[in-house]
1. Could you check the stretch 121-146 and list, in sequence order, the residues that are part of a loop (DSSP other than H, G, I, E, B) and either loosely packed, with under 13 Cβ neighbours inside 10 Å or among the aromatic types (Phe, Trp, Tyr) (or both)?
2. Among the listed residues Ser64, Ser80, which satisfies the condition of being of a type in the set (Ser, Thr, Tyr), within 30 Å of Ser149 (Cα to Cα) and surrounded by 14 or more Cβ atoms within 10 Å (Cβ to Cβ)?
3. For Val81, all conditions in the list (1) touching a Phe, Trp or Tyr at 6+ places or on another chain (Cβ under 7 Å); (2) of a type in the set (Val, Ile, Thr); (3) within 19 Å of Val184 (Cα to Cα) hold save one; what is the number of the exception?
4. Quickly run through the stretch 79-120 and pick out the residues that are outside any helix (DSSP H, G or I), more than 16 Å from Glu57 (Cα to Cα) and of a type in the set (A, V, I, L, M).
5. If you take the residues of the stretch 61-70 that are in contact (Cβ under 8 Å) with a residue 12 or more places away in the chain and over 17 Å from Val18 (Cβ atoms), which of them is farthest from the chain's Cα centre (by Cα)?
6. Any residue at all in the stretch 19-31 that's in contact with a Lys or Arg (Cβ under 6 Å, 6 or more places away or on another chain) and surrounded by 19 or more Cβ atoms within 10 Å (Cβ to Cβ)?
7. From Val162, Val184, which residue is among the β-branched types (Val, Ile, Thr), part of a loop (DSSP other than H, G, I, E, B) and closer than 14 Å to Ser80 by Cα?
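Taken together, the values in this text are just the output of simple stated rules run on the coordinates, not laboratory data. These figures come from a predicted structure and were not determined experimentally. All Cβ positions, even for glycine, are placed from backbone atoms using ideal geometry, and neighbour counts span all protein chains on display.
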Amino acid sequence: MFDQIEFMGEFFEGLTAVDEAIVQRVAEGGCEHCLGPLHRGDYPRKPRGGLIGVAAEALERRFSLCCGREGCRRRATPPSVRFLGRRVYVGAVVIVASVFALATAARAGVQATGVPARTTRRWLGWWRGPFVETAVFASLSGRLVPAPSRGEVPTSLLARMVGSPHERVEKLLSWLAPLTTGSVSDGSRFVRGIV
């Protein structure tokens, strides 16, 4: 599926634009707790991109919001298509390195992606375990026919999508975006229609 893939700056600029649109949608809705105004309160990140996403290392900010009402001040971190939760590597690299880990020997995967085999094994454990128990996976399984094989996620998800490898990864990132936050309920409603 991915013989040679590299994510250049344009790919991450597109993802940044999507994240900006998501932040704007969340901010327009106000604080979920007190309906106060939400203000930007981004925080620093030092993401890794391995060999296939070196350009991602320029993504130094995770977009976030903070309630402006005194007494509340709760943080609302919107869903993201750039970052996959708290993982150090950017989401696109997590997906592609996991695909390589499923398809090749560990050494070949490390040489192709620059991500250590131990890290990709941990990610594969997440894809096969906690991920397949999420509402996001249940929703994807209902949309994709035939249903993706649990043992071959994320490859089985990407195989059912159309478009170039970059477009497939971007689409999967948009579907995974609700998993990237715990401070905004029903994060999928903010992502719909943007990607």
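1. Going residue by residue through the stretch 121-146, those that are part of a loop (DSSP other than H, G, I, E, B) are 129-130, 134, 144-146.
Result: Gly129, Pro130, Val145, Pro146.
2. Numbers: Ser64 fails: within 30 Å of Ser149 (Cα to Cα).
Checking each option against the conditions leaves just Ser80.
3. Checking Val81 against (1) touching a Phe, Trp or Tyr at 6+ places or on another chain (Cβ under 7 Å); (2) of a type in the set (Val, Ile, Thr); (3) within 19 Å of Val184 (Cα to Cα), the one that fails is (1).
4. Ala105
5. Of the stretch 61-70, the ones in contact (Cβ under 8 Å) with a residue 12 or more places away in the chain are 61-69.
In the following step, the residues that additionally are over 17 Å from Val18 (Cβ atoms) were identified as 66-69.
Values: Cys66: 21, Cys67: 24, Gly68: 27, Arg69: 30 Å.
Per the stated criteria, the residue is Arg69.
6. Yes; the residues of the stretch 19-31 include at least one that is in contact with a Lys or Arg (Cβ under 6 Å, 6 or more places away or on another chain) and surrounded by 19 or more Cβ atoms within 10 Å (Cβ to Cβ).
7. Numbers: Val162 fails: closer than 14 Å to Ser80 by Cα.
After applying the criteria, what remains is Val184.
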